[in-house]
Amino acid sequence: RVRALSIACLAGASVLLAGCGEAADSGDDKGSAPAGGTSTKATPSPEPTTPPPGPEMKLPSNLKVTFEETPLEDADEAAALRDAQLYATSTVFGIAEQDPKSKAPRYYSVPGSQAEEYAQYRIGVYAQEGLTMVGERRHSRAEVRPADGKKDGYTVTFCSDESKVAGKHIGSGETFPS
């Protein structure tokens, strides 16, 4: 149940969330290093010492978004990764908030971009059906590289694992596998 999602340009970075096969499905987060050599230790959504700019995003206690640690030495690459993580978190936040026009995903995407449209669409589907998410959405194997054809942009990719996420009907409280 690892989902493949494609999201285009956000403020200087584009993001690709992808299903990443067996390693992501295995649920093995015990610190073993994948072929790329990065640690698979999952960490909560970015919580820097200074809050990020933008709307506050406080997820309900029954919903978490986590990201594998990805140490980057380049400050611009680290900023692109942080923005991509905040965008991914903002989409889940919008679903929990039940607001397709949520300020958070709009803040972390370029107005009129595919990223903004995707967030509004996904949040809207959940809101229209009276659904939300519970559980943990995990992201791993982040990569940051210069965007093709963009002078100052980056492409950020991660694997997105929703195998520990369930849907929840807001009216009845009933949960079901995603």
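The slack in the chain from GLN128 to ALA79, taken as 0.36 nm per residue of separation less the alpha-carbon distance, amounts to 14.3 nm. Kirkwood hydrodynamic radius of region 120-178, from the reciprocal of the average inverse Cα-Cα distance over all distinct pairs: 13.8 Å. Couplings 3J(HN,Hα) of region 66-83, computed from phi: 10, 10, 5, 4, 9, x, 10, 7, 7, 5, 5, 5, 4, 5, 5, 5, 4, 5 Hz, in residue order, whole Hz [Karplus 6.51 cos²θ - 1.76 cosθ + 1.60, θ = phi - 60°; x for Gly and Pro]. Measuring from a point 7 Å past the Cα of PHE176 along Cα-to-C-beta, which residues in region 127-146 have an amide N at less than 17 Å? Flagged as within label range: 127-135. Applying 1/(1 + (r/R0)^6) with r as the Cβ-Cβ distance of SER113 and ASN62 and R0 = 35 angstrom yields a FRET efficiency of 0.70.
A 1.4 Å probe, protein heavy atoms only, puts the accessible area of TYR154 near 40 Å². Computed from the alpha carbon atoms alone, the convex hull of region 62-178 holds 103 Å³ per residue. Listed values for region 93-99 are Karplus-derived 3J(HN,Hα) couplings in whole Hz (6.51 cos²θ - 1.76 cosθ + 1.60, θ = phi - 60°), namely 4, x, 5, 5, 6, 6, 10, and x replaces Gly and Pro. Sorting VAL134, VAL92, VAL110 on solvent-accessible area from highest to lowest, probe radius 1.4 Å, gives VAL110, VAL134, VAL92.
The values are calculated or read from the model by the stated rules, or taken from the named source; none is laboratory data. Since this is a predicted model, take the numbers as computed values, not measurements. Reconstructed Cβ throughout: ideal geometry from the backbone, glycine too, with neighbour counts over all protein chains shown. Accessible surface areas use protein heavy atoms only, side chains included; no ligands, DNA or RNA. Shrake-Rupley method; radii C 1.70, N 1.55, O 1.52, S 1.80 Å.
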